[in-house]
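Right, one structure below, let's go through it.
The values are calculated or read from the model by the stated rules, or taken from the named source; none is laboratory data. Here the structure is a predicted model, which means the values were calculated and not measured. Cβ placement follows ideal geometry from the backbone for every residue including glycine, while neighbour counts extend to all protein chains displayed.
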Amino acid sequence: MENRAMIQVQGLCKRFGEIQAVDNLEFSVREGEIFGFLGPNGAGKTTTIRMLVGLLSPDSGSARIDGHDVLREPVRAKQSVGVVPESSNLYGELTALDNLIYMAQLYGVPKKEWKERAEELLKDFNLLDRREGKFQGFSRGMKRRLTIAAALVHRPRILFLDEPTTGLDVMGARGLRGVIKKLKEKGVTVFLTTHYIQEAEELCDRVAIIVKGKIRFTDTPGGLKEKVKETEVLEIRPQPFSPNLLQLLEGIPDVEKTTFVEDRIRLYGDSVHNSVCQILNRLEAKGIKISSIQTMVPTLEDAFVKMTGVDV
Ligand code: ATP
């Protein structure tokens, strides 16, 4: 049986002056899914979340959360969601345990359940051994984990996460992705925005790609990659590297798009291999050496770049 929709959005629009930040969005998120909202800076991701959690009124359109209309039944809709604020709302001088107990109190959780829920969350978020540690002494990743845990004390069925791993180091981000996966196992529906395409690929059941306020594609990560499987991706490591080299490669037949990742240039097209000599000649004519060249199977990031024409 198809899971029911936990988030249902129809014709949602929001304009700020000249900017159409969100433009006629339509999508739904099924119960138990991790749904990724992926897009470049300024695409409208945060604006969408703010409307879904009742922090911002849409100009038009509607959104239902767990069956409740966010405008007509805002209190019921909010009861179903956990929202993680951009900057933590926890208290530095309180311990991890006391912060969660305090949040449980604020959310109206019955007193006899405060401690039990707090400890359960500390366990789920791998913080049980730090329960008596003060929040101010935590690492950035631990702080982020505890802040997310605090958004779950009232056991919401949907969690909104706006770029949860931004600013974390590799281990912090990995730890956080682990707890997001655990939430899914517990049946929580997760709406996640991210810039990190690999993160979306690892975590999400489905991904919507949003550019300039509009959803361009919605599919599973595998489905999105399938759409570009005919595309060839050629990766060259020039020495010395400079982003300006992309201009040198403009106008080569069979090359539809160029971009760079760290010190490597990527070229996309349905038959880029036909133009390899021309590409190398252009670079060598400027005294640029090539230290490696390889063809690659398109990743979700490549699919994103190819389908939207936008670099992440
Ligand atoms: P990022 O990944 O950079 O956080 P985003 O996809 O979350 O970007 P939004 O923050 O939703 O994008 O912004 C979408 C557009 O709306 C941007 O052009 C932004 O400048 C504009 N915008 C957002 N909030 C406001 C506001 N309160 N007043 C004016 N313009 C705004």
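Among the residues of segment 41-52, write down those that are in contact with a Phe, Trp or Tyr (Cβ under 6 Å, 6 or more places away or on another chain) and more than 6 Å from the ligand (Cβ to nearest atom).
Across segment 41-52, the qualifying residue is only Ile49.
Can you name every one of the strands (runs of 3 or more DSSP E) wholly within segment 1-106 that holds 2 or more residues which are of a type in the set (Gly, Ala, Ser)?
5-16, 19-30, 60-65
Can you find a residue that is under 16 Å from Val83 (Cα atoms) and surrounded by 20 or more Cβ atoms within 10 Å (Cβ to Cβ) anywhere in segment 129-139?
Among the residues of segment 129-139, not one is under 16 Å from Val83 (Cα atoms) and surrounded by 20 or more Cβ atoms within 10 Å (Cβ to Cβ), which makes the answer no.
Hey, among the residues in segment 1-37 that are farther than 17 Å from Thr189 by Cβ and touching a helix residue (DSSP H, G or I) at 6+ places or on another chain (Cβ under 6 Å), which one's surrounded by the most Cβ atoms within 10 Å (Cβ to Cβ)?
Looking at the filtered set, the residue picked out is Val22.
Search segment 78-117 for residues being within 14 Å of Ala150 (Cβ to Cβ) and polar (S, T, N, Q), and hand back the single one that is surrounded by the fewest Cβ atoms within 10 Å (Cβ to Cβ).
Ser87
Taking the condition modelled with pLDDT of 95 or more and within 16 Å of the ligand (Cβ to nearest atom), does Asp59 pass?
Taking the combined requirement at face value, the residue satisfies it.
Can you tell me how many residues within segment 119-158 are without any contact (Cβ under 8 Å) to a residue 24 or more places away in the chain and not in a helix (DSSP H, G or I)?
So the answer is 0.
Just the residues that are surrounded by 23 or more Cβ atoms within 10 Å (Cβ to Cβ) and farther than 20 Å from Arg206 by Cβ, please, taken from segment 52-76.
Val70
Kindly list, by first and then second residue, each pair from a residue in segment 258-275 that is closer than 14 Å to Glu230 by Cα to a residue that is loosely packed, with under 13 Cβ neighbours inside 10 Å, limited to pairs with Cβ atoms under 6 Å and residues at least 6 apart or on different chains.
From residues that are closer than 14 Å to Glu230 by Cα, the pairs are Asp270/Glu230.
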